[in-house]
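Working notes, structure below.
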Amino acid sequence: MLSRHFINKLTKARHLLCVSNVQNFVTGKTLMERVPRDIKNCERVPATHTPISSEDVEPRAETDTSFVWGQYDAPPVKSFNLFNVKDWWDHRKKLTCEHYQQYNQERADRLGSNLNAACFVLEWDGRIKFRDSDWLKASKDDPVKLPNSYQVNYVLTEIDASNTLITYEGLKNMENLFGLQWLSLKGCKFIDDWCIDKITGNYPKLEYLDISDCTNVTERGLEALYRLYDLKTLIVTNHHKSAAFELTCFMLEDCNPDLTCQILGPKGST
């Protein structure tokens, strides 16, 4: 097949005028092995012949034109040491929390933003306080009874969600709390810089914010707190003993003269 193709190309280009006998045509891996051997009664073309173009050259036999569905190399083996297992478990735990903290549109429409946030915080072992009322915390033996429909006099003013598993997705259930003045997210392992940015857009009247022991909060998240004009107390933890972290707190105090930042050191530090 390859030999006939090669000869036809040469004949059409007038490189071979007469071929009476072609023997021992061998097709190999290189182009030199495709040259006809023992060609008899061949006359050369006059000097006015046209050269062979690159299009007349057959593709190399070693060219692989097969289609590969994917790579067959084995993935690298991961180390199953104690730290990797812990990180894997924390990641799975966060995904589970995100799934169960998805926004409940039906409940939000029925209860309104304040009662909806109250139900959410109580479900995740937090405490709440409405205007002109005491602190409320649910337990298995003593559940908190709240209205099943919107009530205008139920306005959340304080939320204590310390050491809970609230995530960024869960904060959507705590949106539009325009009367909230006190918020503690101390020790929440899933609160990060993105959560801080979300907080500044939903609690414009916030006066007290405790985000200490939140290991994922850095100076990048603190920069968004300048939008809380009524903020008077901010408690944070400088886990990495970063100078940029402390500088950001000082800049926040310059932007808001009424603000006092309390910077704590990481646990176990002197």
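The values are calculated or read from the model by the stated rules, or taken from the named source; none is laboratory data. Computed from a predicted structure; not experimentally measured. Glycine also receives a Cβ, built like all others from the backbone with ideal geometry; neighbour counts cover every protein chain displayed.
Summary table
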item: Residue 153 surrounded by 11 or more Cβ atoms within 10 Å (Cβ to Cβ) and out of contact with any Leu (no Cβ under 9 Å at 6 or more places or on another chain); result: no
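Table: residues versus (1) modelled with pLDDT under 95; (2) surrounded by 19 or more Cβ atoms within 10 Å (Cβ to Cβ).
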position	(1), (2)
99	yes, no
117	no, yes
132	yes, no
135	no, no
148	yes, no
